[in-house]
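Student: My structure is below; once you've seen it, I'll send some questions.
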């Protein structure tokens with residue numbers, strides 16, 4: 001009878017240990033998913049848009065902000081918004097300028113790169129090769145601002161934030177500080193650093 005109890009304990013331990021391993025793995029996956037949901041690139045873009053939507057009229061009237069709709073699109077009629085952007089075209093993007101200042105104040109490195117100019121008639125294989133080369137040559141930084149020919153820009157995470165274990169990145173605290181600055185009420189993001 002003692003042997004059967006010992007065998008049961010041994011078998012149960014193996015099953016129990018495997019279940020603990022499975023639960024730890026699931027917990028790690030959930031932490032990664034939560035971190036990416038809270039601090040991913042789309043969340044950063046959304047936070048910037050929400051911060052800019054608190055101020056009316058829109059804090060920046062550059063073509064890039066118009067194209068990316070970094071303002072509250074429901075606050076006014078489309079005709080009024082279009083006339084605002086057509087009459088007040090800023091030469092420099094205020095939002096980009098503030099984002100750079102706050103990112104650097106949070107200890108994040110930022111690289112500004114020009115997107116490659118690719119002609120529309122180019123062979124699809126060449127297009128893929130040029131694009132892949134551009135993204136493979138990403139500088140070592142936290143944030144990248146990719147500027148197009150027409151001056152519009154988009155935000156990407158650099159190589160320091162696109163690690164497989166995003167949620168374990170020690171620089172995530174710096175990114176979290178940037179999020180907190182952007183999401184502060186009363187337009188703190190658009191004021192001084």
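Student: Of the residues that make up segment 143-151, is at least one modelled with pLDDT of 80 or more, more than 20 Å from residue 171 (Cα to Cα), touching a strand residue (DSSP E or B) at 6+ places or on another chain (Cβ under 7 Å) and loosely packed, with under 13 Cβ neighbours inside 10 Å?
Tutor: To start, the set of residues in segment 143-151 that are modelled with pLDDT of 80 or more comprises 143-148.
After this cut, where a residue has to be more than 20 Å from residue 171 (Cα to Cα) as well, the list is 146-148.
Next, from what is left, pick out any that are touching a strand residue (DSSP E or B) at 6+ places or on another chain (Cβ under 7 Å): 146-147.
Those still in the list that are loosely packed, with under 13 Cβ neighbours inside 10 Å too: none.
No, that holds for no residue.
Student: Spot the failing condition for residue 182; the list is (1) assigned to a helix (DSSP H, G or I); (2) more than 19 Å from residue 101 (Cβ to Cβ); (3) within 13 Å of the chain's Cα centre (by Cα), and only one is missed.
Tutor: (2)
Student: Going by the conditions given, is residue 71 out of contact with any strand residue (DSSP E or B) (no Cβ under 7 Å at 6 or more places or on another chain), crowded, with 16+ Cβ neighbours inside 10 Å and modelled with pLDDT under 80?
Tutor: So residue 71 fits the description; yes.
Student: With respect to residue 61, is the statement that it is modelled with pLDDT of 70 or more and either within 30 Å of residue 163 (Cβ to Cβ) or loosely packed, with under 15 Cβ neighbours inside 10 Å (or both) true?
Tutor: no
The values are calculated or read from the model by the stated rules, or taken from the named source; none is laboratory data. From a predicted model like this one, the values you see are computed outputs, not experimental measurements. When we count neighbours, we look across all protein chains shown, and the Cβ atoms used for this are built from the backbone with ideal geometry, even at glycine.
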